[in-house]
Amino acid sequence: MKRKILELLVAAALALAPASLGRAAMPDATAPPADGPSLAGKLLIASPDMGDPRFSHTVILIVRHNAQGAFGLVLNRPVEERSIASLLEAIGADAKGVEGNVRIYAGGPVEPEIGFVVHSAEFHTAQTIAIDGRVAVTSSPEVIRDIGLGKGPKKSLIAFGYAGWAPGQLEGELKRNDWYLAPEDPALVFDAPRDQLWDLAMKRREIEL
């Protein structure tokens, strides 16, 4: 039920102005590193016993992880498919000349009105967060417009909302085995069937941190 509510919130955010692609309260890239290695670029896989229904069977790309906490985007919660033009209009951006449709995902329960584009790393703007040289994230209407004009990234996924953790929170959840980790793989991020993504990621999970 909570998952359905989240999807409805994302749909409502897109239907009602002002939805946006703006900077969320994510950990600062310049913050001191967290204890131990940063997990940015890893896939976070919900354990089969995940107690929070909002994250049941989710696979999350960790975008940032440091002393300020962690920030990630759910990759397997599709909400709807819509035209790129209507999406740009919903966020108050210029839709002239754009073509095509995109699938919209629920990226997490925090700020579902904020949008992000996960994309292949060859595309880069001033707003792009480089993750691992293969996958990046941009929160800007221009990237969606470029996709609609045929000059955007080769691979992309559009999500509204995100998952966030306070300092030390994600580390504690990992110790409780709420989550597993797997190496990020663009084939999993962009190409794998969404209804199979959790199973495929679980097969690649790391046994230990």
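Values quoted throughout were computed directly from the atomic coordinates according to the rules given, and no laboratory measurement underlies them. In this text the structure is predicted, and so the values were computed from the model without any measurement. Cβ: placed from backbone, ideal geometry, glycine included. Neighbour counts: every protein chain shown.
Panel note: the C-alpha atoms of the range 113-195, placed on their principal axes, show extents of 46, 25, 24 Å (largest first).
Look at SER86, SER140 and count the other Cβ atoms within 10 Å of each Cβ; fewest to most, that gives SER86, SER140.
R0 = 25 Å: FRET efficiency of ASP185 with ARG103, Cβ-based, nearest 0.05?
The value I calculate is 0.80.
The slack in the chain from ALA166 to LYS203, taken as 0.36 nm per residue of separation less the alpha-carbon distance, amounts to 10.5 nm. In this simple spin-label approximation, GLU89 and HIS124 carry label points 7 Å from Cα along the Cα→Cβ vector, and these lie 3.6 nm apart. Counting charges near ARG176 (Lys, Arg +1; Asp, Glu -1) among other residues having Cβ under 14 Å from its Cβ returns a value of -4. By the beta-carbon count within 10 Å of each Cβ, the least crowded to most crowded order of ARG77, ARG194, ARG82, fewest first, is ARG194, ARG82, ARG77. Size descriptors for the range 26-156 (Cα atoms only): Rg and Dmax, in that order, 15.6, 48 Å.
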